[in-house]
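Take a look at the structure set out below.
The values are calculated or read from the model by the stated rules, or taken from the named source; none is laboratory data. Given the structure is predicted, the values throughout are model-derived calculations rather than measurements. All Cβ positions, glycine included, derive from the backbone under ideal geometry; neighbour counts span all protein chains shown. Calculation scope for accessible area: heavy atoms of the full protein, side chains included, ligands and nucleic acids excluded. Shrake-Rupley method; radii C 1.70, N 1.55, O 1.52, S 1.80 Å.
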Amino acid sequence: MQAIILAAGKGERLRPLTDTIPKCMVKVKDKPLIFHILDHLASTGKIHEVIIVCGYMANVIEENVGNSYKGMSINYIENKKYETTNNVYSLYMVGHRIKEDCLLLECDLFYQQDVIDTIIDSNADCNILVSPYDKEYMDGTVILAENNIARELVVKAHQDKNMDYRHAFKTVNIYKFKESFFNGKLMPALETYVDTGNRQSYYELVLGSLIYYRNDNIRTVLINANRWYEIDDLADYERANQSVL
């Protein structure tokens, strides 16, 4: 199995931490985020290649991680347009390098091993890791689902004050794709999206369009919200460091 880690962004909301290092090198519990992620991937015993899409301070990532890690080969794709593009373009750059089932992760996640173990054996065409949504402290993309079947993906900008969150789940930003779905459905949709000039957007919108047409086996995989943290800003960073994970 392969894994993709998106790590191209500047992480400006984590400044001054990211003034001298990329976001994935920020330390939580005295270890850079990227090494937490790689340790969890290696511990599954199922990942043989990790593709890291880097951009901001790409050389720092490559110098620290190297070309192999605990039995996994590490390969890099550099998004040199990281300042004018968003994660839809970073994922698009992976192109057709995926040859088997794969995981997709974002680099700003801090989580326990059981989080990755929960999704890695999921068998849908597309598996989306989620937690119950609590609008008191969560924001960002949500999935509306029934019986673990994804019915709609709603990005933050499209959530208004009247939105019904009773069937809403927060995306963890960890996905598992079958190779046939990634190369046969997701990548063609990404290519169409990017080729029309939408390079500053999010891959979640592309995935949302596939959910909208309801012609794919796209399912949610549920975990408790206390098993993971997304490190978007300094407040998130402090919460993760003070957590019991």
Taking first residues from the stretch 1-26 that are touching a residue at least 12 places away in the same chain (Cβ under 8 Å) and closer than 12 Å to ASP108 by Cβ and second residues anywhere that are open to solvent by 40 Å² or more (accessible area, probe 1.4 Å) and of a type outside the set (A, V, I, L, M), the pairs with Cβ under 6 Å that are 6 or more apart or on different chains are ALA8/TYR82; ARG13/ASP233
Looking at the stretch 58-142, what strands (runs of 3 or more DSSP E) fall wholly within it and have at least 2 residues that are of a type outside the set (Lys, Arg), touching a residue at least 12 places away in the same chain (Cβ under 8 Å) and farther than 25 Å from ARG214 by Cα? 72-78, 109-111
Which residues, taken from the stretch 189-214, are open to solvent by less than 50 Å² (accessible area, probe 1.4 Å) and over 21 Å from GLU83 (Cβ atoms)? ALA189, VAL206, LEU207, GLY208, SER209, LEU210, ILE211
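When you look at ALA124, is it out of contact with any Ser or Thr (no Cβ under 6 Å at 6 or more places or on another chain), open to solvent by less than 10 Å² (accessible area, probe 1.4 Å) and of a type outside the set (S, T, N, Q), yes or no?
On the way: out of contact with any Ser or Thr (no Cβ under 6 Å at 6 or more places or on another chain): yes; open to solvent by less than 10 Å² (accessible area, probe 1.4 Å): yes; of a type outside the set (S, T, N, Q): yes.
When the stated conditions are applied, ALA124 passes them.
Only residues that are closer than 23 Å to ILE120 by Cβ and either within 16 Å of the chain's Cα centre (by Cα) or crowded, with 19+ Cβ neighbours inside 10 Å (or both): list them for the stretch 50-71, please.
Filtering the stretch 50-71 down to residues closer than 23 Å to ILE120 by Cβ leaves 50-53, 65, 68-71.
VAL50, ILE51, ILE52, VAL53, VAL65, listed by residue number.
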Identify the single condition in (1) more than 20 Å from ILE223 (Cβ to Cβ); (2) of a type in the set (Val, Ile, Thr); (3) out of contact with any Lys or Arg (no Cβ under 7 Å at 6 or more places or on another chain); (4) open to solvent by less than 30 Å² (accessible area, probe 1.4 Å) that VAL28 does not satisfy, given that it satisfies every other one. (1)
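May I ask you to verify whether VAL244 is under 30 Å from PRO32 (Cα atoms), β-branched (Val, Ile, Thr) and touching a residue at least 60 places away in the same chain (Cβ under 8 Å)?
Working: under 30 Å from PRO32 (Cα atoms): yes; β-branched (Val, Ile, Thr): yes; touching a residue at least 60 places away in the same chain (Cβ under 8 Å): no.
Taking the combined requirement at face value, the residue does not satisfy it.
Filter the stretch 174-188 for residues that are basic (Lys, Arg) and open to solvent by less than 20 Å² (accessible area, probe 1.4 Å) and give the result.
Let us first name the residues in the stretch 174-188 that are basic (Lys, Arg), namely 176, 178, 185.
The answer is LYS176, and nothing else.
What number of residues in the stretch 99-127 are more than 21 Å from LEU33 (Cα to Cα) and under 16 Å from the mean Cα position of the chain (by Cα)?
Filtering the stretch 99-127 for residues more than 21 Å from LEU33 (Cα to Cα) gives 99-101, 121-127.
Checking which are under 16 Å from the mean Cα position of the chain (by Cα) leaves us with 101, 126-127.
Residues that pass the stated criteria total 3.
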Criterion (open to solvent by 10 Å² or more (accessible area, probe 1.4 Å), of a type in the set (S, T, N, Q) and closer than 23 Å to ASP236 by Cβ) met by exactly one of THR171, THR141, THR84: THR141
Exactly one condition in (1) without any contact (Cβ under 8 Å) to a residue 60 or more places away in the chain; (2) within 30 Å of LYS29 (Cβ to Cβ); (3) surrounded by 13 or more Cβ atoms within 10 Å (Cβ to Cβ); (4) under 18 Å from the mean Cα position of the chain (by Cα) is false for LEU153; which is it? (2)
